[in-house]
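**Student:** Here it is, the structure, as structure tokens.
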Amino acid sequence: MGHHTFPAADADRLEDAARRYRNCSAEELLWALDPGPDDAVVDVGSGTGFFTDDVAPHAGTVYALDVQAAMHDRYREKGVPENVELVTSGADDLPFDDGALDGAFATMTYHELPSEAVEELARVLRPGGRVAVVDWTAEGPGERGPPPGERYDADHAAAAFEAAGFTVDFRATRSETFLLAATLGGE
């Protein structure tokens, strides 16, 4: 894990709804994450907040976490919902207390995350916390997204989450992407 980071100079591409929803619909993400109205969740690799905005109306607090401050600047320009807090940090040392969060999601960023990210998610989520991951699959033709050599498949992601104490509740591979939903250690 931990390949290139999406360039902030290309941030406008992250707001193209037709392209983004072709890979993951808001409904699919909300189904996989299943946030509650009082939940605190983190969007790991939030970029300009495209999917953060879809989750925000369904959660208490959403932390939009991105390693690039320039992505947060772009998010501020378009407008950040009241219940979203911008956090500039890498995913290898998340700035949250142990068990502080109810859920986490990563859309098209799993391949960019450092290998420590899954363990960090296990640390900051409470038991029963949910994770939703949508990313480019290594099994895809590579017509869009990162080069196939920088991608992982659903089996790789499932094994990483299971090794960190998660139960994989659902996984599916589509032509270019995979979806994984997991729960930490049961409730």
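**Student:** Is the C-alpha gyration tensor of region 16-80 telling us rounded, prolate or oblate? Criteria: a/c under 1.5 is rounded; beyond that, a/b larger than b/c is prolate, otherwise oblate.
**Tutor:** Oblate shape, in that a/c is at least 1.5 and b/c is the bigger or equal ratio.
**Student:** Please quote Rg/Rh for region 16-130 to two decimal places, taking the Kirkwood radius as Rh and restricting both calculations to Cα atoms.
**Tutor:** Details: Rg = 13.0 Å, Rh = 14.0 Å.
My calculation of the ratio gives 0.93.
**Student:** If you count the DSSP beta bridges with both ends in region 62-187, what percent of them are antiparallel, to the nearest 5?
**Tutor:** Just about 55 percent of them are antiparallel.
**Student:** Could I ask something else about it? Once a ≥ b ≥ c are taken as the square roots of the eigenvalues of the Cα gyration tensor of region 110-187, is the result rounded (a/c under 1.5), prolate (a/b larger than b/c) or oblate (a/b not larger than b/c)?
**Tutor:** In terms of gyration-tensor shape, prolate.
**Student:** Another question about this same structure. Per residue, how many Å² of accessible area does the chain show with a 1.4 Å probe?
**Tutor:** 43
**Student:** Right, another one. Set Lys and Arg Cβ to +1 and Asp and Glu Cβ to -1, take the dipole of the chain about its Cα centre, and tell me which of A181, T167, C24 lies farthest positive.
**Tutor:** Value computed over the given set: C24.
**Student:** Given a 1.4 Å probe and every protein chain left where it sits, what share in percent of the accessible area of the chain is carbon and sulfur?
**Tutor:** On the way: 3760 of 8010 Å².
Solvent-exposed carbon and sulfur of the chain make up 47 percent of the total.
The values are calculated or read from the model by the stated rules, or taken from the named source; none is laboratory data. Computed from a predicted structure; not experimentally measured. Backbone-built Cβ (ideal geometry, glycine too); neighbour counts: all protein chains shown. These area figures cover heavy atoms from the full protein model, side chains too; ligands, DNA and RNA do not enter into them. Shrake-Rupley method; radii C 1.70, N 1.55, O 1.52, S 1.80 Å.
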